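This report concerns only the one structure given below.
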Amino acid sequence: MGIISRGFAGRRSAADAKLPLGQYLTADFPVLSAGPTPHISLDRWEFTIDNGSNVLKRWDWKSFRALPTENIKVDLHCVTRWSKLDTSWEGVSLDVLLADVKIDLSYAMFRSYGDYTTNLPMQDVLNKQAWIAFKFEGADLEPEHGGPARLLVPHLYLWKSAKWVKGMALMTHDKPGFWENLGYHIYGDPWKEQRYSDE
Amino acid sequence: MEGTALLGRVTWRTATVVGLHDETATARTLALAVHDWPGHVAGQHVDVRLTAPDGYSAVRSYSIASAPSSDERIEITVDRLPNGEVSPYLTQEVMVGDELEVRGPIGRWFVWVPEELGPIQLVAGGSGIVPLMAMIRSRASAGSTAPFRLLYSVREPGAIFYRDELQALSSHGESVIVTYAYTRATPKDWPRPAGRIDAELLASGTWSSNLRPTSYVCGPTSFVEHTTDLLIAVGHDRERIRTERFGATGERK
């Protein structure tokens, strides 16, 4: 236990019990992005899957939205310490997008409009763990929150849920993305408090 | 920076409050003596941990306001949020001599180092000034002559942080050019009515995009969204704009 802060009582609630260590509950939806918000028109939106040399899959907005979708209710945990519980999303599961892709590589680098990148092991992408989400609480996803579509990988810190996602590259080896190159954890499990690269 | 800043970045360190200074009616600067502080660069932040007698603890991130120095001291400026859990304690309860815990410095993206010689545009909304002030102070303490401009938006004149120091730093040769914007109330005889920054004010308060400045924009989300859109609309490269945002309950900054 740390140094006792004289006169500090803190504020606790029943919901805190559901939170990973070091997180606090918020009701609103803070925005953290490294740069300006890109505004992407749906006519030029696309999502592609490649293996580093060849494009394996490509969707435009229309073909993407023709795919089966799921409604998801999940908790969000941001590395800057806020957590938001029971958020509702609609999106396409990565299981659907990868259904007829031969998965012989163990990692993926997701990329976004605005040049953001983040890395994930394929075992965290498959099996009902990741979606490309385009609706939040029933409405089209706002650009500042990653619209028209963002990756949603709620079991990891939220920087892994790349906003404005536009594609993924399958990789043989893990490689750090944008924040992972700037000192954030290569994996980012909130329940193990994997915030920074040296913990 | 990499070596020292990375080693022990995640170690909690004891910080003794060695000075308190009210910036505005709601914001206070805390000077902290941090044992074994590894040093920082302008723009980085620290995690601050408070612990109640029963072991419950709360952690929030705050930008460092002070320039890098070798004396194991840092300053943070905390703005009190009406329903905050940590900020009311730091702005109202804490006394000189109290001990807190901090870890850091954290962040390697929203940073400026004096080795960067190019023009810098700073855009602050409210308490978003804090990491930008660290950059202005770092420039001054390093004797840098990098061209700096600050466009600083506040609700009203009483909400300005570091007013006298900004005045001093902007009133001599090779100084920082400071432009204020007032959203709710202006000083007496101010030439512009109060209101959010528009294209005209942005043009008069920032470097031309022809100079290809690097911009650092920090403030509430809506402020950052609005001002970065304006910067991009007048030709600033999206790649040269770095942002840091905080939401209504975000205690960062």
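The values are calculated or read from the model by the stated rules, or taken from the named source; none is laboratory data. Keep in mind that what you see is a predicted model, and the values were worked out from it rather than measured. Positions of Cβ are backbone-derived with ideal geometry, glycine not excepted, and every protein chain shown enters the neighbour counts.
Screening the range B:174-248 for strands (runs of 3 or more DSSP E) wholly inside it with 3 or more residues that are within 27 Å of A:ASP115 (Cα to Cα) returns the ranges B:214-220, B:241-246.
Scanning the range B:45-72 for residues that are part of a loop (DSSP other than H, G, I, E, B), buried (at least 20 other Cβ atoms within 10 Å of the Cβ) and in contact with a Gly (Cβ under 9 Å, 6 or more places away or on another chain) turns up just one, B:PRO68.
Can you find a residue that is out of contact with any Lys or Arg (no Cβ under 7 Å at 6 or more places or on another chain), at the interface with chain B (Cβ under 7 Å from one of its Cβ atoms) and either surrounded by 19 or more Cβ atoms within 10 Å (Cβ to Cβ) or closer than 24 Å to B:GLN92 by Cβ (or both) anywhere in the range A:35-46?
Step one: list which residues in the range A:35-46 are out of contact with any Lys or Arg (no Cβ under 7 Å at 6 or more places or on another chain), which gives A:37-45.
Still in the running and at the interface with chain B (Cβ under 7 Å from one of its Cβ atoms): A:37.
Filter once more, keeping what is either surrounded by 19 or more Cβ atoms within 10 Å (Cβ to Cβ) or closer than 24 Å to B:GLN92 by Cβ (or both): A:37.
Checked the range A:35-46: at least one residue is out of contact with any Lys or Arg (no Cβ under 7 Å at 6 or more places or on another chain), at the interface with chain B (Cβ under 7 Å from one of its Cβ atoms) and either surrounded by 19 or more Cβ atoms within 10 Å (Cβ to Cβ) or closer than 24 Å to B:GLN92 by Cβ (or both).
For the range A:188-199, how many residues meet the condition of being crowded, with 16+ Cβ neighbours inside 10 Å and in contact (Cβ under 8 Å) with a residue 60 or more places away in the chain? The qualifying residues number 4. Only one residue in A:SER93, A:SER53 is among the hydroxyl-bearing types (Ser, Thr, Tyr) and in contact with a strand residue (DSSP E or B) (Cβ under 9 Å, 6 or more places away or on another chain). Which one? Being among the hydroxyl-bearing types (Ser, Thr, Tyr) and in contact with a strand residue (DSSP E or B) (Cβ under 9 Å, 6 or more places away or on another chain) holds for just one of A:SER93, A:SER53, which is A:SER93.
Kindly indicate which of B:ALA185, B:ALA168 is farther than 16 Å from B:PRO119 by Cα, assigned by TED's automatic domain parsing to the domain that holds B:ARG242 and without any contact (Cβ under 8 Å) to a residue 24 or more places away in the chain. Sole residue among the options that is farther than 16 Å from B:PRO119 by Cα, assigned by TED's automatic domain parsing to the domain that holds B:ARG242 and without any contact (Cβ under 8 Å) to a residue 24 or more places away in the chain: B:ALA168. A count restricted to the range A:5-47 and to residues that are part of a loop (DSSP other than H, G, I, E, B) and aromatic (Phe, Trp, Tyr) stands at 3. Considering each residue of the range B:9-19 in turn, none proves to be among the aromatic types (Phe, Trp, Tyr), assigned to a strand (DSSP E or B) and in contact (Cβ under 8 Å) with a residue 40 or more places away in the chain.
Take the range B:231-240 and flag every residue that is more than 8 Å from chain A (Cβ to nearest Cβ) and buried (at least 21 other Cβ atoms within 10 Å of the Cβ). Steps first, answer last, please.
Initially, the range B:231-240 is screened for residues more than 8 Å from chain A (Cβ to nearest Cβ), giving B:233-237, B:240.
Across the range B:231-240, the qualifying residue is only B:HIS236.
Scan B:GLU101, B:GLU115, B:GLU85 and give me the residue that is touching a Phe, Trp or Tyr at 6+ places or on another chain (Cβ under 8 Å), among the acidic types (Asp, Glu) and in a loop (DSSP other than H, G, I, E, B). Give the steps one after another, and end with the answer.
Working: B:GLU101 fails: in a loop (DSSP other than H, G, I, E, B); B:GLU115 fails: touching a Phe, Trp or Tyr at 6+ places or on another chain (Cβ under 8 Å).
Just one listed residue meets the conditions, B:GLU85.
What do you reckon, is B:ASP71 under 24 Å from B:HIS40 (Cα atoms), touching a strand residue (DSSP E or B) at 6+ places or on another chain (Cβ under 6 Å) and of a type in the set (D, E, K, R)? So B:ASP71 fails the test.
In the set (1) among the basic types (Lys, Arg); (2) in contact with an Asp or Glu (Cβ under 8 Å, 6 or more places away or on another chain); (3) assigned to a loop (DSSP other than H, G, I, E, B), A:LYS73 fails one condition alone, (3).
Residues that are crowded, with 17+ Cβ neighbours inside 10 Å and either outside the structural domain of B:THR24 (by TED's automatic domain parsing) or part of a helix (DSSP H, G or I) (or both) were ranked within the range B:88-98; the one that is farthest from the chain's Cα centre (by Cα) is B:TYR89.
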